[in-house]
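S.K.: Have a look at the structure that comes next, please.
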Amino acid sequence: MQSHLPDGQTETEEADSKRFHSLKEFHPAGRGFWNDVSEADWNDWKWQLKHRITTLEKLQRFLPTLTPEEFEGTILANHKLALAITPYFFNLIEAGDENCPIRRQVVPRVEETYTAPWEMSDPCGEDSHSPVPGLVHRYPDRVLFLVTDRCAAYCRYCTRSRMVSNATGYDFHSDFDRQIEYVSRHPEIRDVLLSGGDPLLLNDDKLEFLLSRLRAIPHVEFLRLGTRIPIFLPQRVTPALCAMLRRYHPLFISIHSNHPRELTSEVRDALGRLADAGVPLGNQTVLLRHVNDDLVVMRALVQKLLMCRVKPYYIYQCDLISGSAHLRSSVRKGLEIMENMRGHTTGYAVPQYVIDAPGGGGKVPINPDYVLSRNKNRVIIRNFEGRIFEYPEAADGTPLTAPPREIAEPELV
Ligand code: SF4
């Protein structure tokens, strides 16, 4: 039985509160094994890329606590999705903790080689919606423009693991001329999302070449970049990059952060530079088992994102990508987290929980049930505290003057 503390909190609540406040603190990633590297090299994104951990030997040297599952997974990784971790991001791993949420995201495990019957190599059906190589046209007014198959580090649950890193021999080749030509021939396309792989792996000149050509198409209203580089490699967010990006507004960036420990002081500063360049920032999170399927972690993440000037945008239910079962949390858990966020914290901090419908159905919003019943005269709703209200409507759609009223539950039957 839990003992009660003087202020009425249980011990569990007190521990959760301490954990929450500690997760919300900003810390630098530190230098770890790279203490003797010069400041200039450490802050050089190309140095970071060149010194990534990409082999079993290097991983064992830096992470001597590798488990048998990780050891075996790393041997097999280069046939499925390559291993790559930047030195900066590696420093966020707690070597003594096998279940470290950062480690689980980037260190391969043998479970990645098990494929359940319902898992797929292309769960979002992108290949079947690709009119030209490197372009996915699945929604009516927007396209996904793939620029590369490489990333700064590889997420073990990646929905595009069939192509990124080229471990499976997918042999991705973008064809920028044909991709741009397709966009210019389709006036219904008003929104272009550059992704990959990670578009911020391109150097500034190459990226500017693409952005300027897309911006020159009159019907393209809106450009977006989807990138995890601010999290894996904040050194890439240089003042020169930010100065270039601000020439192509309206341009939004979606980052991808899954755990509040990823939001270091370096990441906060990098995101601040992007925000100062006028780039609206949103975050996409993948709900991952033993990484962030925990209300304390998720609340700390969304609140910390707002402190970094980033709007939490989506929480994705993990796609049915082959070999991801060990990282997949349940929809029940996702709904429980959403239930405890909506109304309990700032509305801006609450993302939309979605399932990308398996096989290419697009994003479907998943919400706790707030509408309890509805007929032609009224809607019965409940709020975040479980209180129930009636919202009256006229059957013919004309306005009513009666205010909503709280009703007692028996009336519902
Ligand atoms: S950064 Fe994005 S594309 Fe690259 S491995 Fe991670 S989820 Fe996949």
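S.K.: Note down all Cβ pairs under 8 Å where the first residue falls in the stretch 227-250 and is under 16 Å from LEU305 (Cα atoms) and touching a residue at least 60 places away in the same chain (Cβ under 8 Å), the second is within 14 Å of the ligand (Cβ to nearest atom) and assigned to a helix (DSSP H, G or I), and they're at least six residues apart or on different chains.
M.R.: Pairs found: ILE229/LEU200; ILE229/LEU201; ILE229/ARG236; ILE231/PHE89; ILE231/GLU262; PHE232/PHE89.
S.K.: Right, VAL183: β-branched (Val, Ile, Thr) and more than 23 Å from the chain's Cα centre (by Cα) or not?
M.R.: For VAL183, the condition - β-branched (Val, Ile, Thr) and more than 23 Å from the chain's Cα centre (by Cα) - is met.
S.K.: Related question: Search the stretch 13-30 for residues that are closer than 12 Å to VAL296 by Cα and assigned by TED's automatic domain parsing to the domain that holds ASN91 and pair each with any residue that is polar (S, T, N, Q) and not in a helix (DSSP H, G or I) when their beta-carbon atoms are under 8 Å apart and the residues are at least 6 apart or on different chains.
M.R.: Correct list of pairs: SER17/GLN9.
S.K.: All but one of (1) within 16 Å of the ligand (Cβ to nearest atom); (2) free of Cβ contacts under 8 Å to residues at least 40 places away in the same chain hold for VAL291, so report the exception by its number.
M.R.: Unmet condition: (2).
S.K.: Under 6 Å between Cβ atoms, which residue pairs at least 6 apart in sequence (or on different chains) link something in the stretch 154-173 that is touching a residue at least 24 places away in the same chain (Cβ under 8 Å) with a partner that is in a loop (DSSP other than H, G, I, E, B) and of a type in the set (Gly, Ala, Ser)?
M.R.: Matching pairs, first to second residue: TYR154/ALA82; TYR154/ALA84; TYR157/SER324; ARG162/SER121; VAL164/GLY197; SER165/ALA82; ALA167/ALA82.
S.K.: Exactly one of (1) away from the ligand (no atom under 16 Å from the Cβ); (2) buried (at least 24 other Cβ atoms within 10 Å of the Cβ); (3) not in a helix (DSSP H, G or I) is unmet by ASN283. Its number?
M.R.: (1)
S.K.: Just need a number here: residues in the stretch 144-200 that are under 25 Å from THR115 (Cβ atoms), outside any helix (DSSP H, G or I) and within 12 Å of the ligand (Cβ to nearest atom).
M.R.: Residues meeting the conditions: 21.
S.K.: Would you be able to say whether some residue in the stretch 62-77 is touching a Lys or Arg at 6+ places or on another chain (Cβ under 9 Å), surrounded by 14 or more Cβ atoms within 10 Å (Cβ to Cβ) and at pLDDT below 95?
M.R.: Yes, the stretch 62-77 contains at least one residue that is touching a Lys or Arg at 6+ places or on another chain (Cβ under 9 Å), surrounded by 14 or more Cβ atoms within 10 Å (Cβ to Cβ) and at pLDDT below 95.
S.K.: Any residue in the stretch 376-387 that is crowded, with 16+ Cβ neighbours inside 10 Å, at pLDDT 95 or above and among the aliphatic types (A, V, I, L, M)?
M.R.: Scanning the stretch 376-387 turns up at least one residue that is crowded, with 16+ Cβ neighbours inside 10 Å, at pLDDT 95 or above and among the aliphatic types (A, V, I, L, M).
S.K.: Additional query: Residues in the stretch 257-280 that are without any contact (Cβ under 8 Å) to a residue 60 or more places away in the chain, within 16 Å of the ligand (Cβ to nearest atom) and not in a helix (DSSP H, G or I): how many?
M.R.: 1
S.K.: Within the stretch 118-143, track down each residue that is within 16 Å of the ligand (Cβ to nearest atom) and on the phi > 0 side of the Ramachandran plot.
M.R.: GLY134, the sole residue that qualifies.
S.K.: Scan the stretch 224-240 for residues that are more than 13 Å from the chain's Cα centre (by Cα), under 16 Å from ALA277 (Cβ atoms) and in a helix (DSSP H, G or I) and report the count.
M.R.: Number satisfying all stated conditions: 4.
S.K.: Given the conditions (1) in contact with a strand residue (DSSP E or B) (Cβ under 9 Å, 6 or more places away or on another chain); (2) within 25 Å of MET244 (Cα to Cα), and given that ASP293 satisfies all but one, which numbered condition is not satisfied?
M.R.: The single condition ASP293 does not satisfy is (2).
S.K.: Just name the residue that is modelled with the highest pLDDT out of those in the stretch 93-132 that are part of a helix (DSSP H, G or I) and of a type in the set (Ser, Thr, Tyr).
M.R.: So the residue we want is THR113.
The values are calculated or read from the model by the stated rules, or taken from the named source; none is laboratory data. Just so you know, these numbers come straight off a predicted model, no measurement behind them. Note that each Cβ is placed from the backbone with ideal geometry, even for glycine, and that neighbours are counted across all protein chains shown.
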